[in-house]
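Structure, as structure tokens:
The values are calculated or read from the model by the stated rules, or taken from the named source; none is laboratory data. All values derive from a computational prediction rather than experimental measurement. A quick note on method: Cβ atoms are made from the backbone with ideal geometry, for glycine too, and the neighbour counts reach across all protein chains shown.
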Amino acid sequence: MLKSLTPKQVEHFEKHGYVAPIRVMSTRQALELRKRLEDFEHSDSALAKKALHVKSHLLFPWLNDLVRSDAVVNAIEDLYGENLLVWASSFFIKNGNDPAYVSWHQDSTYWGLSKPDVVTAWVALTESNRSNGAMQVIPGTHLLDQIPHRDTFSENNLLTRGQEVAVDVDESQAVSIELEPGEMSLHHVRIVHGSPPNASPNRRIGYAIRYIPTYVRQIQGEDSATLVRGVDTYNTFEHEPRPTEELDPAFVSLHQKIGERNLNILYKGAAQQQQ
């Protein structure tokens, strides 16, 4: 029995590789999370860059609550069953009139995971629309195998390696995923997607949470994940603890260790690494 999604939404995900919008919190709650985020950004913390780009849920209890929330996880369970891990999370932020963009790519390219049974919950803390650089997807491309990619390391590309698909993309087929604050989209790890720069004066803030069933393995080295539902009988990932206070020094140290290990996976074989 489905817990959150309708049969039509499940069918849409299976056929097209994405589903949206899904309301997971009120607009007021989304604005409260945005305020927490921006309070941290304004604190001038030396951790600002890494804290927001790598497993943010390990440093902030309010984000750990979000990745575990029934409103989000119930939808993931409807797609991939009751035993679920959060493999990663990160913010995708575009400031007003920001040249930052995301090139056309598949998420699965450098993640080192054993199966393409991976779904991203993209939670909007602001409006995300055509004017401010909303994510775009090419429906149905999740049914393709892994597509060759090339690294660009372009300055304004928000992706780790500036990776982009090494084939032509029919942009006439692109669908913009427009969300209101407190809504999320779900997309499959192999769907070709990207997003243009923010041409508006307003910030666009999204929080991407990567969920995997517990049977998925990391095949490029040691890795860790957060068990958010069910049981893990496979135990191929080190289980991550749950933070109880913001920027707990023990969790900051753990976060740094995990981040360095993950970068070794993401940059494996790359011509250069992020500094």
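Is it the case that PRO201 is under 23 Å from LEU66 (Cα atoms) and in a loop (DSSP other than H, G, I, E, B)?
No; evaluated as a whole, the condition is false for this residue.
The conditions are (1) in a helix (DSSP H, G or I); (2) within 14 Å of LEU186 (Cβ to Cβ), and ALA20 fails exactly one of them. Which is it?
(1)
Tell me, yes or no, whether segment 172-185 has at least one residue that is in contact (Cβ under 8 Å) with a residue 24 or more places away in the chain and assigned to a helix (DSSP H, G or I).
Looking through segment 172-185, at least one residue is in contact (Cβ under 8 Å) with a residue 24 or more places away in the chain and assigned to a helix (DSSP H, G or I).
Return the residues of segment 112-132 that are part of a loop (DSSP other than H, G, I, E, B), surrounded by fewer than 23 Cβ atoms within 10 Å (Cβ to Cβ) and not β-branched (Val, Ile, Thr); say none if nothing qualifies.
GLY112, SER114, LYS115, PRO116, ASP117, GLU127, ASN129
Which residue pairs have Cβ atoms closer than 8 Å, lie 6 or more positions apart in sequence or on different chains, and pair a first residue in segment 97-114 that is closer than 17 Å to SER224 by Cα with a second residue that is polar (S, T, N, Q) and crowded, with 18+ Cβ neighbours inside 10 Å?
TYR110/THR160; TYR110/GLN163; GLY112/GLN218; LEU113/GLN218; SER114/GLN218
State all residues of segment 1-34 that are over 19 Å from the mean Cα position of the chain (by Cα), small (Gly, Ala, Ser) and over 22 Å from PHE60 (Cβ atoms); if no residue qualifies, say none.
Result: SER4, single match.
Yes/no matrix, rows are residues, columns are (1) closer than 24 Å to GLN218 by Cβ; (2) not hydrophobic (A, V, I, L, M, F, W, C):
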residue	(1), (2)
ALA88	yes, no
PHE91	yes, no
ASP107	yes, yes
PRO116	yes, yes
ALA121	yes, no
GLY140	no, yes
GLU155	no, yes
GLN163	yes, yes
VAL167	no, no
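Identify, please: which residue in segment 41-61 is in a helix (DSSP H, G or I) and touching a residue at least 60 places away in the same chain (Cβ under 8 Å) and is, among those, farthest from HIS255 (Cα to Cα)?
Filtering segment 41-61 for residues that are in a helix (DSSP H, G or I) and touching a residue at least 60 places away in the same chain (Cβ under 8 Å), the one farthest from HIS255 (Cα to Cα) comes out as PRO61.
Restricting the first residue to segment 4-21 and requiring it to be crowded, with 17+ Cβ neighbours inside 10 Å, which pairs with a second residue that is among the polar types (S, T, N, Q) and not in a helix (DSSP H, G or I) meet a Cβ separation below 9 Å and a spacing of at least six or different chains?
Cβ pairs passing all conditions: TYR18/SER185; VAL19/SER185; ALA20/SER185.
Which of the numbered conditions does GLN256 fail, given that it passes all the others? Conditions: (1) closer than 20 Å to VAL54 by Cβ; (2) in contact with a Lys or Arg (Cβ under 6 Å, 6 or more places away or on another chain); (3) surrounded by fewer than 19 Cβ atoms within 10 Å (Cβ to Cβ).
Single failed check for GLN256: (2).
Which ones in segment 131-147 are of a type in the set (A, V, I, L, M) and either under 12 Å from VAL189 (Cα atoms) or touching a strand residue (DSSP E or B) at 6+ places or on another chain (Cβ under 6 Å) (or both)?
ALA134, MET135, VAL137, LEU143, LEU144, ILE147, listed by residue number.
Filter segment 101-138 down to residues that are farther than 11 Å from ARG204 by Cα, more than 12 Å from the chain's Cα centre (by Cα) and aliphatic (A, V, I, L, M), then give me how many there are.
The qualifying residues number 4.
Consider segment 204-222. How many of its residues are crowded, with 21+ Cβ neighbours inside 10 Å and not in a strand (DSSP E or B)?
Number of matching residues: 2.
Kindly list the number of the only condition in (1) at pLDDT 95 or above; (2) over 26 Å from THR244 (Cα atoms); (3) part of a helix (DSSP H, G or I) that fails for THR109.
Evaluating THR109 over (1) at pLDDT 95 or above; (2) over 26 Å from THR244 (Cα atoms); (3) part of a helix (DSSP H, G or I) leaves (1) as the failure.
Name the single residue that is nearest to GLU41 (Cα to Cα) among those in segment 59-81 being among the charged types (D, E, K, R) and out of contact with any strand residue (DSSP E or B) (no Cβ under 6 Å at 6 or more places or on another chain).
Here the residue is ASP65.
If PHE153 satisfies all but one of (1) within 14 Å of the chain's Cα centre (by Cα); (2) within 23 Å of ARG261 (Cα to Cα); (3) hydrophobic (A, V, I, L, M, F, W, C), what's the number of the condition it fails?
Just one mismatch for PHE153, condition (1).
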